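The next block holds one structure in the form of structure tokens; read it before the comments.
Nothing in this text is a laboratory measurement; each read-out follows from the coordinates by a stated rule. In this text the structure is predicted, and so the values were computed from the model without any measurement. Here the Cβ is made from the backbone with ideal geometry for all residues, glycine too, and neighbour counts use every protein chain on show.
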Number of protein chains: 4
Amino acid sequence: MMGRTHGQHALPTTLGFKFAVWTREVSRSIQRLRDCRERLLVGKMSGAVGTQAGLGPKALKIQHLVMKKLGIEASDISTQINQRDRYAEFTCIIAIAASTVDNMASEIRELQRPEIGEAFEPFGRKQVGSSTMPHKRNPIICERICGLAKILRSLVSAALENIPTWHERDLTQSSCERFVIPEECILIDYILVLITRVMEGLEVDEERMLHNMELTQGRMMSEAVMLSLGNRGMGRQKAHELVRELAIKSHTEQRPFKIALLENYVVQKLLNKKEIEEILNPRNYLGTTLQQIEQVVKKTRNERRDRGLSD
Amino acid sequence: MMGRTHGQHALPTTLGFKFAVWTREVSRSIQRLRDCRERLLVGKMSGAVGTQAGLGPKALKIQHLVMKKLGIEASDISTQINQRDRYAEFTCIIAIAASTVDNMASEIRELQRPEIGEAFEPFGRKQVGSSTMPHKRNPIICERICGLAKILRSLVSAALENIPTWHERDLTQSSCERFVIPEECILIDYILVLITRVMEGLEVDEERMLHNMELTQGRMMSEAVMLSLGNRGMGRQKAHELVRELAIKSHTEQRPFKIALLENYVVQKLLNKKEIEEILNPRNYLGTTLQQIEQVVKKTRNERRDRGLSD
Amino acid sequence: MMGRTHGQHALPTTLGFKFAVWTREVSRSIQRLRDCRERLLVGKMSGAVGTQAGLGPKALKIQHLVMKKLGIEASDISTQINQRDRYAEFTCIIAIAASTVDNMASEIRELQRPEIGEAFEPFGRKQVGSSTMPHKRNPIICERICGLAKILRSLVSAALENIPTWHERDLTQSSCERFVIPEECILIDYILVLITRVMEGLEVDEERMLHNMELTQGRMMSEAVMLSLGNRGMGRQKAHELVRELAIKSHTEQRPFKIALLENYVVQKLLNKKEIEEILNPRNYLGTTLQQIEQVVKKTRNERRDRGLSD
Amino acid sequence: MMGRTHGQHALPTTLGFKFAVWTREVSRSIQRLRDCRERLLVGKMSGAVGTQAGLGPKALKIQHLVMKKLGIEASDISTQINQRDRYAEFTCIIAIAASTVDNMASEIRELQRPEIGEAFEPFGRKQVGSSTMPHKRNPIICERICGLAKILRSLVSAALENIPTWHERDLTQSSCERFVIPEECILIDYILVLITRVMEGLEVDEERMLHNMELTQGRMMSEAVMLSLGNRGMGRQKAHELVRELAIKSHTEQRPFKIALLENYVVQKLLNKKEIEEILNPRNYLGTTLQQIEQVVKKTRNERRDRGLSD
């Protein structure tokens, strides 16, 4: 399929490559959650200011045993409360994760535009796009994801403001966190349910993907042509200028790039028709796409195995 | 010194305990930075859409060698750009670190109030509080820290908005990050320079700390009295009610809590004057303060050693 | 041109209508700035805490005269500083204005996608989309706008945090505002320069607009057909069901909606071929578009005249 | 009472002056709400993309009549939706209002510190500060206000992100606003209920206010002394140096400023004891405090009257 930068056609890529990029982005979110566990999952029995004064000489031991029972670690030190950098980190991580899901949902929304039409979130058979416009197929799940991600990003401000605390505790954190923490947990869960539904039911139009690549009449392959000409002995700088010229000519005359190449005397001397067709075939210009995807799959599988999860 | 919750006197603590809490909070910021390194410090040579198509069959190897030379890892997969969750995480971590420093600076600002007067940021001999009010000693370094921390928190919104990207890259990240990334690096550096200066030159008024503890005429020790009475056989619930009553009496009559205790018939039977004085001495009600501080020092020293730093 | 909701084709609209919507959105930003003037453009000579104690009995008069000279109003009351809600409002207004410009720039970026190709930001003749991909026409001005708008949104957090102040002033505002205020003024100015350049040099492809409307083979006009059938005596509910059925049929068979209508026995009885063609012509289904645009132009012109500006 | 800058004693002010400053800050919030009404309180019947195509030739009239019935204005132009700058403005205004209330609540929290003890939020007779520390009087209402204000500030990010919209509408606004708008309306209402309760039941300790002013032994009146010496013929620069010297002497020796003045030969020549006592009386150094308060009361009353409210 077409790879796009600035919303414009750039070079060919594959849908699998997009998924591989997302896979690692999601993996990084999981890593962040795992990295923050030892900072986040701690409890304390520390008394009014942290000194454990009312708990007797075995206070640290008591704290240790209680936390063990709760299945969490004892905080290494705390005041009346655990310091709020711990929870702010969690809110940041959730906001980053939500934005990654937003990124994926935004991609689907764009690909689902009727002018592009390459991928579609699942659409129930009985679902109606619009009562008066039954032709519509609105990416409403993805839109909902993007809308809720804005909330998850916004909660970070409150969580960061919670870090500065008056002395051994004040009450401005708890009144705030009573909203922030449940809201973010519920919303990230919901967003993950939604994106899973989207990805499991994703419809892909491969023909349209191929068709869209023809939009620039082969000019998106100009880099490949340039490199081939360079390999055939034409200096790279010269090849660059020639290809650029022919791409602009093809664009101005709205004729296939292939024709512009075939008609050119200099190109003719270095490449024959069959070679040009080979070069212009986007399937031949995917570089290390497959290798990279395989590496990603392997790395991610290993991580899952290390976490005791099945493939 | 007095430990405070809700801005009110709670139980005794020590300045060293406050520092120990901060030490671990700062350590967590260092841990976060270290944890994010493998996600952040990566580079890529991936071509226009990530497929490395123009780099030939040895593209992955070339990328690896170049990154080795740069002293960073190669990104496991990327499009034209490294995905922006990597940089958003960095901005979050910096904002958390800045808020921790804000927390410390806010504490000093409060302790430096003339009504409290327990700690003071350094003040040059020739420094003037105010041209017309030479008696003033303004905590301007700490105030500057708190002001700049607001900027560092605000940058997180922009960094999170940068995660959703159009396809294989768009240009809305770089125009934004050109501000966010240098600004946050410069400001966090400056904030750290300032807080270091504050902490190195911190002036502490120990007498004032002791004096301030007398503000509630010993009533802040009511928890200690209650526990002692409980230990002497009075039921805990009963002890609680009695102590509460005497604390309120002492408060209403504005007389020392010690007098209220000494005058009470029930207390007299269980505790003698010397014992009461022992119990009311805040130095005897610091719980595991010293143990906790020692643990913190040891843990932090070990971490520094593990990072190859001297004590 | 096609009007789009959820990124999908909805009903016809015009580019002029889009501009009219933006015109009012921009007008609202101007109104906000004008509304905040009396709250924002004030100065004060109020001494260390606001009481003007050092300025003698004529202090209010002195303040009045000095502010008159400066061309601003005297604050009705202030402490050492003007209260920070005044400046936070300004930052909010600028962030809203920037987001409106972001909205316009985002629209151009989408319309400039090669698959849509309806509008383009100006592109210098000598400008190169990409060194190896000369066919690219990247909307880099609009992308830059969207990137910088994120910064302007993020500054609001800091400006709002500046409102709570310690007593008669603290220093955490000025250290923060030294960044926020110049940065937002410079960036909004730059964004406005950029969007003006984009709009002045905007290239519009009318043919492509018409062409894109054919993408759903006339089905986007189903609402118009339904209403016409309703007007010819068929009950609205019945008309709705029939049109829906035919639109789905046209979509499934990938044949023009017009054919589906012409072939239908019930439709035939109520509408002849010429009438159907009239109904399916998007130019005949623009409702009050022109009236609304005229109203907007008139209203905006009047506002400009009231502000002493020429048309 | 003491006026404070940087948390330090500056010059005398009055509690009424603080209230007058807040009164105008609250008035500005009311003004902002009133100013935004014509932008915010609008409705529309505009069809799928804003053209009113399905509503017939009298669409604008129909829209007008329906909105009249709803008691709001018709939007001057809209797409399928009202543009989101309208609602973002509302969220900003609410966040500013919440931060103003936060400012007031923060002031009470500081004044309620036992070391300051000048003002207290109401405290139910049966309320207990803490089960083991009955002497505590925690400003929990004010703390709750400050905590919730952080949420109201954070929602602004989401509201601003809602302004950029895909074409004639997308669905990412409504999923987001379903949280933001009810949450902010409920929370601002609650915050206003709380601050009203605080202000109606505010307890003020006038004696403590006077007592606290003695903390700097009269040195906070150095500005007044300097101006008086200046008025008696000593050059201002000279007076400044002398007073500064004596203030530092008084501070170093921890003796009353009055003694330092009385003992000084130069001061003796220009001011007698009675005059010095007059000058050092903070009640004589309140400048235009009363005039300013009266102006504020009058202005605010007039505004209320203009809005049809009783005094």
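Using Cα centres only, tell me the gap between the range C:82-119 and the range D:157-217 in whole Å. One Cα centre to the other: 25 Å.
Using packing as a proxy for protection, rank C:11-21, D:232-242, D:112-122 so that the peptide with the highest average count of other Cβ atoms within 10 Å comes first. Intermediate values should be presented prior to the final figure.
Values: C:11-21: 21.9, D:232-242: 14.5, D:112-122: 20.0.
In descending order of packing, they fall as C:11-21, D:112-122, D:232-242.
Using the Cβ-Cβ distance between B:Y265 and A:L41 with R0 set to 35 Å, the FRET efficiency works out to roughly 0.10. Panel note: the C-alpha atoms of the range D:198-275, placed on their principal axes, show extents of 49, 27, 22 Å (largest first). Residue of chain D with the Cβ closest to the rotation axis carrying D onto A, and that distance rounded to whole Å: D:S154, 2.
In the structure shown, do any of A:K68/D:K150; B:K18/B:K298; A:K249/C:K136 have a Cα-Cα gap over 23 Å, and if so which?
Those over the limit are A:K68/D:K150.
Rounded to the nearest Å, what's the spacing between the alpha carbon centres of the range C:12-33 and the range B:25-55? Just the number, please. Between the Cα centres of the range C:12-33 and the range B:25-55 lies a distance of 42 Å. Using the Karplus relation 6.51 cos²θ - 1.76 cosθ + 1.60 with θ = phi - 60°, the per-residue 3J(HN,Hα) values for the range C:191-198 come to 4, 5, 4, 5, 5, 5, 4, 4 Hz, with x marking Gly and Pro. Quarter the surface of the alpha carbon convex hull of the protein assembly as shown and you get the mean projected area, 57.1 square nanometres.
Counting only other chains, and only Cβ atoms inside 10 Å, what mean value do you get across the residues of A:210-222? Could the numbers behind the result be given before it?
Numbers: counts 0, 0, 2, 0, 0, 4, 4, 1, 1, 4, 5, 2, 6.
Neighbouring Cβ atoms belonging to other protein chains average 2 per residue here.
Helix C:85-111 and the longest principal axis of the Cα set of chain C meet at an angle near 30°. Whole-Hz Karplus values for the range B:266-281 come out as 5, 4, 3, 5, 9, 9, 8, 4, 5, 4, 4, 4, 4, 5, 7, 6 Hz, taken residue by residue from phi with 6.51 cos²θ - 1.76 cosθ + 1.60 and θ = phi - 60°; glycine and proline positions read x. Label-to-label distances for D:R305 across copies, nearest first, come out at 3.6, 7.9, 8.5 nm, using points 7 Å from Cα in the beta-carbon direction.
Just order D:175-183, D:69-77, C:266-274 by mean Cβ neighbour count inside 10 Å, highest at the front, would you? Each step should come with its number before you reach the end.
Details: D:175-183: 18.2, D:69-77: 16.4, C:266-274: 14.4.
Packing order, densest peptide first, comes out as D:175-183, D:69-77, C:266-274.
Taking Cα atoms only, the orientation of helix C:236-253 departs from the longest principal axis of chain C by about 80 degrees.
When only alpha carbons are used to place a centre, the range D:256-311 and the range C:271-311 end up 64 Å from one another.
Relative contact order of chain A: what whole-number percent is it, with Cα pairs under 8 angstrom and at least 6 residues apart? Don't skip to the answer; put the middle values down first.
Details: 332 pairs, mean separation 62.2, N = 311.
The normalised contact order for chain A reaches 20 percent.
Sorted shortest first, the separations between the D:L40 label point and its copies elsewhere in the assembly read 1.9, 3.5, 4.0 nm; each point sits 7 Å from Cα along the Cα-to-Cβ line. Once you put a point 7 Å from the Cα of D:D189 and another 7 Å from the Cα of D:K69, both along the Cβ direction, what distance in nm separates them? Taking the simple label geometry, D:D189 and D:K69 are separated by 2.6 nm.
Cβ-to-Cβ counts within 10 Å put A:H64, C:H167 in ascending order as A:H64, C:H167, the fewest first.
Sorted shortest first, the distances from the D:P122 label point to those of the same residue in the other copies are 5.0, 5.6, 6.5 nm; each point sits 7 Å from Cα along Cα-to-Cβ. Converting phi to 3J(HN,Hα) with the Karplus coefficients 6.51, -1.76 and 1.60 and the offset θ = phi - 60°, the range D:72-82 yields 10, 7, 7, 4, 5, 6, 7, 9, 5, 10, 6 Hz in sequence order, with x at every glycine or proline. Summarising the label geometry, the points placed 7 Å from Cα in the beta-carbon direction at A:E200 and C:E206 lie 5.1 nm from one another. Compared with the dominant Cα axis of chain B, that is its longest principal axis, helix B:289-306 is turned about 20°. Taking one quarter of the surface of the C-alpha convex hull of chain A gives a mean projected area of 24.2 nm².
Neighbouring Cβ atoms from other chains, within 10 Å of the Cβ of residues in D:37-47, number 2 on average. Remark: mean inter-chain Cβ contacts per residue of B:223-233 equal 2, using a 10 Å Cβ-Cβ cutoff to other protein chain atoms.
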